[in-house]
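Asks: Let me give you the structure first, and then I'll get to my questions.
The values are calculated or read from the model by the stated rules, or taken from the named source; none is laboratory data. In this text the structure is predicted, and so the values were computed from the model without any measurement. Positions of Cβ are backbone-derived with ideal geometry, glycine not excepted, and every protein chain shown enters the neighbour counts.
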4 protein chains.
Amino acid sequence: MGGTMDDTKRQRRGNTRQRIQDVALELFAEQGYEKTSLREIAERLDVTKAALYYHFKTKEEILVSVYEDLTQPIVELIEWGRRQPQSLETKQEILRRYHDALVEAAPFFRFMQENQATVKELRIGELFRNRMLGMRDILIDPDAPLIDQVRCISAVFTMHAGMFTLNDLPGTDEEKRKAVLEVATTLVTEAHHGRHAS
Amino acid sequence: MGGTMDDTKRQRRGNTRQRIQDVALELFAEQGYEKTSLREIAERLDVTKAALYYHFKTKEEILVSVYEDLTQPIVELIEWGRRQPQSLETKQEILRRYHDALVEAAPFFRFMQENQATVKELRIGELFRNRMLGMRDILIDPDAPLIDQVRCISAVFTMHAGMFTLNDLPGTDEEKRKAVLEVATTLVTEAHHGRHAS
Amino acid sequence: MGGTMDDTKRQRRGNTRQRIQDVALELFAEQGYEKTSLREIAERLDVTKAALYYHFKTKEEILVSVYEDLTQPIVELIEWGRRQPQSLETKQEILRRYHDALVEAAPFFRFMQENQATVKELRIGELFRNRMLGMRDILIDPDAPLIDQVRCISAVFTMHAGMFTLNDLPGTDEEKRKAVLEVATTLVTEAHHGRHAS
Amino acid sequence: MGGTMDDTKRQRRGNTRQRIQDVALELFAEQGYEKTSLREIAERLDVTKAALYYHFKTKEEILVSVYEDLTQPIVELIEWGRRQPQSLETKQEILRRYHDALVEAAPFFRFMQENQATVKELRIGELFRNRMLGMRDILIDPDAPLIDQVRCISAVFTMHAGMFTLNDLPGTDEEKRKAVLEVATTLVTEAHHGRHAS
DNA sequence: CATGAATGAGAGTTCATTCAT
DNA sequence: AATGAATGAACTCTCATTCAT
């Protein structure tokens with residue numbers, strides 16, 4: 001009794017949920033949400049499709065659960081940001097931390113960027129949108145000139161897109177990430193000083 | 001034959017191909033490529049699915065044909081850019097023209113942005129990628145410091161994303177577009193001057 | 001050209017829709033709606049499940065279409081009944097005609113009787129219910145004593161159930177149907193005369 | 001241990017089997033047998049599906065057990081009927097008692113009526129059929145004319161269907177039930193007297 | 001007395017695509 | 001220039017059931 005279960009199976013027990021999330025994110029990021037079927041996820045985990053449904057109510061819920069786990073740091077960052085004075089130093093610190101969060105969960109954010117059309121229709125579309133508005137609020141002064149507001153948004157874009165689109169630039173990943181952060185920081189700094197004269 | 005055709009039908013004669021492209025782009029942009037079925041396109045045009053196959057060999061080909069029509073101006077822009085001296089004025093003019101091209105075919109570029117995961121796997125993925133590298137070549141000096149190269153790329157991102165994500169900023173569309181172009185231009189200008197010290 | 005299609009296939013062309021309805025009703029009546037799968041229907045017709053969906057939007061729609069075809073005579077009977085005087089003769093004629101309609105589409109009405117739980121939740125549940133209320137209106141005098149109203153309803157029940165539950169009674173089907181009609185007629189006649197003293 | 005069990009839990013102890021039967025019947029009657037899943041039953045009881053399998057071997061067995069509990073009075077009624085003389089008084093008394101039994105377990109009989117297609121295929125199909133034949137034997141004189149036999153069967157139908165289909169008739173439930181019983185009694189009485197000439 | 005985890009089978013449905021007419 | 005009819009493959013999801021603990 002018990003001897004019928006080999007080591008691999010035993011290892012799996014109790015962490016299937018986590019493994020589903022991992023594999024799902026991996027495939028979602030690689031091929032997109034729609035093109036990833038539950039059959040594929042299940043096969044890669046060597047379980048049946050029905051097993052996925054034991055752990056998650058729908059395909060969408062798998063994604064939501066991944067989302068919630070991986071964006072937690074950003075929620076906390078925004079909360080932290082709200083409690084700080086709206087100084088330049090704060091904003092720079094926010095960018096730095098945001099950048100770290102993006103790097104930490106890079107595959108997930110790559111997924112969000114490449115699957116906007118899909119995400120829009122899902123529950124996480126709204127969730128993410130709200131989170132982004134939160135970021136905006138702590139970076140942007142709503143009374144600043146339009147151009148400075150655009151600068152701040154551009155800073156966030158730059159970090160998001162810079163995460164995944166600089167492959168054919170020279171330099172190590174480390175260097176490129178540093179450069180991206182610097183450009184973003186400059187944009188926010190200029191916005192903060194209102195230095196938008198040509 | 002002929003007498004049974006009402007005005008609407010007659011109007012359609014000969015331009016069905018164009019109408020398919022229009023409706024397809026509209027739906028692709030609105031719902032995404034994967035979530036738009038040929039049935040839907042056909043229904044909206046009041047023809048059968050088989051009719052689509054008379055005009056296009058596959059679903060993908062519809063998209064390719066739209067792509068080719070709408071990115072023609074950018075091909076020309078890149079060719080023009082290559083023939084110019086790599087001066088600051090040239091770069092600024094390129095941005096201006098690129099910006100116009102984006103505005104002109106906004107739904108298409110919104111589609112490209114929101115469906116990256118899908119597009120990656122399709123033929124237009126590579127086509128678009130190459131086109132983007134062309135843009136890079138005429139904007140970026142490959143000998144410039146990394147940070148200046150990033151600035152240029154950030155300028156392009158800013159225009160792309162700025163097209164679709166500034167809804168809740170104050171001001172008219174016109175004003176916002178102007179601000180976006182200005183931020184992009186500043187980035188490229190700073191990159192050109194190598195002015196990256198704070 | 002054309003030579004690749006054998007006779008059986010050719011025969012099928014153009015009447016697949018009808019054949020789907022026939023087979024569906026047959027199976028629905030035999031096994032119940034829920035226990036009959038589209039796979040089963042398709043297999044018996046030697047087409048694919050997808051072919052069913054070319055002709056009908058959903059499983060439920062197959063049933064609805066059968067319903068509409070087969071209950072048409074009853075719709076007409078009710079309309080006819082409404083235009084007649086509410087005499088005893090009219091009522092007796094209605095019962096006779098209703099009885100004929102039941103016999104004519106016996107498998108369908110057997111289905112309706114045996115699948116009430118299912119039908120309740122489907123669109124035809126309401127449709128059928130309204131049709132039955134129509135019957136009631138032309139048979140029952142709303143001012144009559146309750147017991148006479150019940151007699152009329154009992155008459156209708158008797159015909160419905162008598163259609164399918166008299167197998168182990170002696171006599172031919174013909175004789176049994178005649179007896180059923182007679183019992184129903186007696187009930188309505190008694191109700192009409194108000195002869196309900198014990 | 002035991003200290004961790006709150007009152008609701010304690011109350012449940014030992015009567016889970018009964019509670020399963022209750023909830024199952026409730027749902028079966030409401031939605032039908034097929035549309036009621038074990039998941040649903042388990043959720044409503046706040047136990048797991050596996051718990052159901054501790055008490056019953058299959059879904060069908062839950063239904064069988066309910067069936068056996070609730071039709072016991074009818075078994076006894078039939079046995080009683082068999083021992084009585086086949087007088088009119090006996091038959092009338094049988095109808096009265098049968099009527100009471102139906103009212104007593106109304107949801108169950110409603111279930112049997114609305115799920116005939118399902119029940120036919122299950123073990124209780126045959127059980128119920130035999131029980132009904134038992135009723136027939138004590139109500140019907142096999143030597144009587146066909147029409148009188150039909151009358152008796154009609155009487156039983158009337159009671160069954162009258163239980164659930166008189167909602168939109170005027171009067172209280174009590175009054176309607178009384179009327180139904182009276183109509184049934186009249187039918188059996190007429191059958192007994194062979195009074196089938198108009 | 002019951003749960004947690006999983007399975008195998010199958011459901012209804014949708015899709016891009018084909019082809020004879 | 002287009003239709004009507006159909007297919008094959010895939011999809012998400014649900015179900016009754018099992019079994020070690």
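Asks: Quick one: in the stretch C:1-41, of everything that is at pLDDT 95 or above and basic (Lys, Arg), which residue is nearest to D:Leu122 (Cα to Cα)?
Replies: Filtering the stretch C:1-41 for residues that are at pLDDT 95 or above and basic (Lys, Arg), the one nearest to D:Leu122 (Cα to Cα) comes out as C:Lys35.
Asks: Got a number for residues in the stretch B:96-123 being under 8 Å from the mean Cα position of the chain (by Cα) and in a loop (DSSP other than H, G, I, E, B)?
Replies: The qualifying residues number 1.
Asks: In addition: May I ask you to list the residues in the stretch D:167-190 that are farther than 22 Å from C:Val183 by Cα and more than 8 Å from every other protein chain (Cβ to nearest Cβ)?
Replies: Passing the criteria: D:Asn167, D:Thr172, D:Asp173, D:Glu174.
Asks: Give just the number: which of (1) facing chain C (nearest Cβ under 8 Å); (2) farther than 23 Å from C:Asp141 by Cα does D:Thr158 not satisfy?
Replies: (2)
Asks: What tally of residues in the stretch B:29-50 results from selecting those that are of a type in the set (A, V, I, L, M), part of a helix (DSSP H, G or I), more than 13 Å from every other protein chain (Cβ to nearest Cβ) and more than 9 Å from DNA strand E (Cβ to nearest atom)? Can you show your working first?
Replies: Keep residues of the stretch B:29-50 that are of a type in the set (A, V, I, L, M), which gives B:29, B:38, B:41-42, B:45, B:47, B:50.
Subsequent filtering for residues that are part of a helix (DSSP H, G or I) retains B:29, B:38, B:41-42, B:45, B:50.
Now narrow it down to the ones that are more than 13 Å from every other protein chain (Cβ to nearest Cβ): B:38, B:41-42, B:45.
Imposing the further condition that a residue be more than 9 Å from DNA strand E (Cβ to nearest atom) reduces the set to B:45.
So the count comes out to 1.
Asks: Outside any helix (DSSP H, G or I) and either more than 15 Å from the chain's Cα centre (by Cα) or within 18 Å of B:Ile124 (Cβ to Cβ) (or both), is that true of B:Lys57?
Replies: Values: outside any helix (DSSP H, G or I): yes; either more than 15 Å from the chain's Cα centre (by Cα) or within 18 Å of B:Ile124 (Cβ to Cβ) (or both): yes.
Yes; evaluated as a whole, the condition is true for this residue.
Asks: Determine which single condition D:Val156 fails, assuming it passes every other condition in (1) without any contact (Cβ under 8 Å) to a residue 60 or more places away in the chain; (2) surrounded by fewer than 20 Cβ atoms within 10 Å (Cβ to Cβ); (3) part of a helix (DSSP H, G or I).
Replies: Just one mismatch for D:Val156, condition (2).
Asks: Right, another one. Mind checking which residues of the stretch D:86-96 are of a type outside the set (A, V, I, L, M, F, W, C) and either in contact with a Gly (Cβ under 9 Å, 6 or more places away or on another chain) or under 16 Å from D:His193 (Cα atoms) (or both)? Spell out the reasoning first.
Replies: Step one: of the stretch D:86-96, the residues of a type outside the set (A, V, I, L, M, F, W, C) are D:86-87, D:89-93, D:96.
Once the filter is applied, which keeps residues that are of a type outside the set (A, V, I, L, M, F, W, C) and either in contact with a Gly (Cβ under 9 Å, 6 or more places away or on another chain) or under 16 Å from D:His193 (Cα atoms) (or both), the stretch D:86-96 yields D:Gln86, D:Ser87, D:Glu89, D:Thr90, D:Lys91, D:Gln92, D:Glu93.
Asks: Which condition from (1) surrounded by 18 or more Cβ atoms within 10 Å (Cβ to Cβ); (2) within 14 Å of another protein chain (Cβ to nearest Cβ) is the one that D:Leu133 breaks?
Replies: The single condition D:Leu133 does not satisfy is (1).
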